[in-house]
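Undergrad: Before I ask anything, let me first share the structure, which is written out below as structure tokens.
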Amino acid sequence: MRPEVTDVTADTPQPVLRDRYGRAVTYLRVSVTDRCNLRCFYCLPRDCAVPRRADPLSLEELAAVVGVGAGLGISKIRITGGEPLLRPRVIDFVRRLRAVPGISDLALSTNGTLLAEYAAALKAAGLMRINVSLDSLRPEVFRAISGRNDLDRVRAGIAAARAADLRPIKLNVVVMRGVNDDELPGMIEFAAGEGAQVRFIEYMPLGIGQRWESSYISRAEILERIRPQLRSEPPRQQPGDTATYYALHAGGEVGIISPVSCRFCELCNRLRLTADGKLRPCLTSEGEVDMHEALRPRISLERIRDCFHAAVAGRPEVGSYRTSTGPQSSAIPKPMAAIGG
Ligand code: SAM
């Protein structure tokens with residue numbers, strides 16, 4: 001059954017895809033590559049076979065999908081990966097998406113290692129905001145997590161984003177026990193000094209070859225660790241945003257994203273387009289809609305539309321994670337780098 005397509009209100013005559021649980025879908029995360037130049041152990045581990053190279057969509061194909069999505073009410077796009085700045089012509093892609101009517105929010109997630117080279121060009125191409133993943137400010141911990149000695153490059157990338165006025169800059173930190181959980185107050189101070197906002201993310205049981213059970217830390221525990229820096233006022237939730245924001249004594253806010261302890265499925269407004277050309281209804285489920293037949297040998301706008309409807313129809317009410325002790329432990333899920341984080 002096709003999900004409903006409705007007009008939201010008379011004031012905003014934009015059609016909106018709505019799933020069978022009444023949630024509007026207005027946000028598409030577009031993975032432009034499954035390649036990454038880091039090997040974060042929780043995402044694309046070094047000790048596992050690297051997944052088979054995906055059959056990537058061309059930038060023209062990706063832009064066609066975004067264009068059709070915009071016609072169906074998608075207004076927010078995040079370019080992600082893998083590491084999106086590894087994708088050739090990514091700047092052209094940003095420029096192209098910025099020109100798509102209906103796209104009012106265009107963001108990109110990066111590990112920051114190439115950002116010093118790209119920040120000014122991204123800004124000039126029309127990128128509106130940027131998220132940088134940064135799990136540690138200690139060179140040895142950064143290296144232990146990511147397999148690379150690139151902390152200085154990431155810091156230079158953040159400085160370049162600031163210099164290019166690519167704001168707001170959000171720093172995303174996956175919090176892991178015994179790895180970086182003693183750095184949380186320092187991360188808040190570092191972000192403030194960079195004119196950025198930090199968001200702590202609960203470690204999700206996705207990917208392969210990870211140590212999730214012993215490393216996971218809940219939002220409640222993260223809050224305990226940063227309590228002295230927080231004001232006592234109630235937290236704030238922004239519509240369409242998965243983070244909960246807490247005011248800081250020093251000014252500004254810190255965000256916490258808690259996909260494990262406080263699921264936000266009822267707020268979910270997103271689909272993902274994976275690097276190998278699949279529309280994924282939910283981060284945690286394997287059900288995907290293959291776009292290739294809608295795009296090859298010729299791009300068919302009607303069939304792309306059908307793919308959107310099929311993906312929206314496939315959204316579960318609530319997602320479910322795999323854990324190594326869970327019933328689905330024998331299946332090897334795609335790592336985040338392949339899904340598009
Ligand atoms: N390379 C880009 C980056 O580093 O932001 C985009 C892709 S990366 C997969 C997107 C985000 O997913 C990163 O912030 C990463 O830390 C996060 N991520 C990957 N695996 C995760 C997990 N198991 N739990 C929580 N966050 C995860």
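The values are calculated or read from the model by the stated rules, or taken from the named source; none is laboratory data. Only a predicted model underlies this, so the values are computations on that prediction, with no experimental measurement involved. Every residue, glycine as well, gets a Cβ built from its backbone with ideal geometry; the counts of neighbours run over all protein chains shown. Side chains included, ligands, DNA and RNA excluded: accessible areas come from the protein's heavy atoms. Shrake-Rupley method; radii C 1.70, N 1.55, O 1.52, S 1.80 Å.
Undergrad: Determine if region 48-55 includes at least one residue that is surrounded by fewer than 18 Cβ atoms within 10 Å (Cβ to Cβ), modelled with pLDDT of 95 or more and not in a strand (DSSP E or B). Before you say what the answer is, go through the steps one by one.
TA: Going residue by residue through region 48-55, those that are surrounded by fewer than 18 Cβ atoms within 10 Å (Cβ to Cβ) are 48-53, 55.
Within this subset, residues satisfying the condition of being modelled with pLDDT of 95 or more are none.
No, the conditions are met nowhere in region 48-55.
Undergrad: Next question, about the same structure. May I ask you to say which residue of S215, S258 is within 15 Å of the ligand (Cβ to nearest atom), over 23 Å from K76 (Cβ atoms) and open to solvent by less than 10 Å² (accessible area, probe 1.4 Å)?
TA: Testing whether each residue is within 15 Å of the ligand (Cβ to nearest atom), over 23 Å from K76 (Cβ atoms) and open to solvent by less than 10 Å² (accessible area, probe 1.4 Å) leaves just S215.
Undergrad: Residues in region 167-178: is at least one under 15 Å from V90 (Cβ atoms) and in contact with a strand residue (DSSP E or B) (Cβ under 6 Å, 6 or more places away or on another chain)?
TA: Looking through region 167-178, none of the residues is under 15 Å from V90 (Cβ atoms) and in contact with a strand residue (DSSP E or B) (Cβ under 6 Å, 6 or more places away or on another chain).
Undergrad: Name the residue that is farthest from G82 (Cα to Cα), counting only residues in region 250-277 that are outside any loop (DSSP other than H, G, I, E, B) and in contact with a Leu (Cβ under 8 Å, 6 or more places away or on another chain).
TA: V254
Undergrad: So the check is Cβ under 6 Å with 6+ separation or different chains; which pairs have a first residue in region 312-341 that's under 12 Å from E286 (Cβ atoms) and open to solvent by 80 Å² or more (accessible area, probe 1.4 Å) and a second one that's in a loop (DSSP other than H, G, I, E, B) and at pLDDT below 75?
TA: Listed pairs, sorted by first residue: Q328/R322; I332/I208.
Undergrad: Looking at L184, L134, L151, L166, which one is closer than 19 Å to G340 by Cα and among the hydrophobic types (A, V, I, L, M, F, W, C)?
TA: Matching residue, one of L184, L134, L151, L166: L134.
Undergrad: Please find, among S329, S285, the residue that is within 22 Å of G82 (Cβ to Cβ) and at pLDDT below 95.
TA: Selected residue: S285, the only one of S329, S285 that is within 22 Å of G82 (Cβ to Cβ) and at pLDDT below 95.
Undergrad: Still on this model: Of all residues in region 163-208 being open to solvent by 50 Å² or more (accessible area, probe 1.4 Å) and part of a loop (DSSP other than H, G, I, E, B), which is modelled with the lowest pLDDT? Step through it out loud before you land on a result.
TA: Residues of region 163-208 that are open to solvent by 50 Å² or more (accessible area, probe 1.4 Å), as a first pass: 163, 165, 167-168, 177-178, 182, 189, 192-193.
Next cut, part of a loop (DSSP other than H, G, I, E, B) only: 165, 167-168, 177-178, 182.
On the way: D165: 95, R167: 91, P168: 94, R177: 97, G178: 96, D182: 97.
Restricting to residues being open to solvent by 50 Å² or more (accessible area, probe 1.4 Å) and part of a loop (DSSP other than H, G, I, E, B), the top hit is R167.
Undergrad: Which residue pairs have Cβ atoms under 9 Å apart, sit 6 or more places apart or on different chains, and have a first residue in region 280-302 that is acidic (D, E) and a second that is surrounded by fewer than 19 Cβ atoms within 10 Å (Cβ to Cβ)?
TA: Here the result reads E286/A331; E286/P333; E293/S300; E293/R303, each pair linking region 280-302 to a residue that is surrounded by fewer than 19 Cβ atoms within 10 Å (Cβ to Cβ).
Undergrad: Given the conditions (1) within 14 Å of the ligand (Cβ to nearest atom); (2) closer than 21 Å to T113 by Cβ, and given that P168 satisfies all but one, which numbered condition is not satisfied?
TA: So the condition that P168 fails would be (1).
Undergrad: In the set R227, R236, R263, R231, which member is over 14 Å from V198 (Cα atoms), exposed (fewer than 15 other Cβ atoms within 10 Å of the Cβ), basic (K, R) and out of contact with any strand residue (DSSP E or B) (no Cβ under 8 Å at 6 or more places or on another chain)?
TA: After applying the criteria, what remains is R227.
Undergrad: Name the residues in region 215-249 that are in a loop (DSSP other than H, G, I, E, B), over 19 Å from the mean Cα position of the chain (by Cα) and of a type in the set (D, E, K, R), would you?
TA: R231, E233
Undergrad: Mind checking whether some residue in region 97-114 is crowded, with 21+ Cβ neighbours inside 10 Å, away from the ligand (no atom under 13 Å from the Cβ) and over 23 Å from G195 (Cα atoms)?
TA: yes
Undergrad: Just one of (1) crowded, with 20+ Cβ neighbours inside 10 Å; (2) among the β-branched types (V, I, T); (3) over 19 Å from the mean Cα position of the chain (by Cα) trips up V94, so point out which.
TA: All conditions are met except number (3).
Undergrad: Let me ask something additional. Regarding region 67-81, can at least one residue be identified that is closer than 21 Å to H292 by Cα, surrounded by fewer than 19 Cβ atoms within 10 Å (Cβ to Cβ) and touching a residue at least 24 places away in the same chain (Cβ under 8 Å)?
TA: Yes, there is a match, as at least one residue in region 67-81 is closer than 21 Å to H292 by Cα, surrounded by fewer than 19 Cβ atoms within 10 Å (Cβ to Cβ) and touching a residue at least 24 places away in the same chain (Cβ under 8 Å).
Undergrad: A further question follows. Does A243 meet the test of being away from the ligand (no atom under 13 Å from the Cβ), over 18 Å from V141 (Cβ atoms) and small (G, A, S)?
TA: Answer is no for this residue.
Undergrad: Of all residues in region 98-141, count the ones that are among the small types (G, A, S), in a helix (DSSP H, G or I) and farther than 15 Å from K170 by Cα.
TA: Of the residues in that region, 5 qualify.
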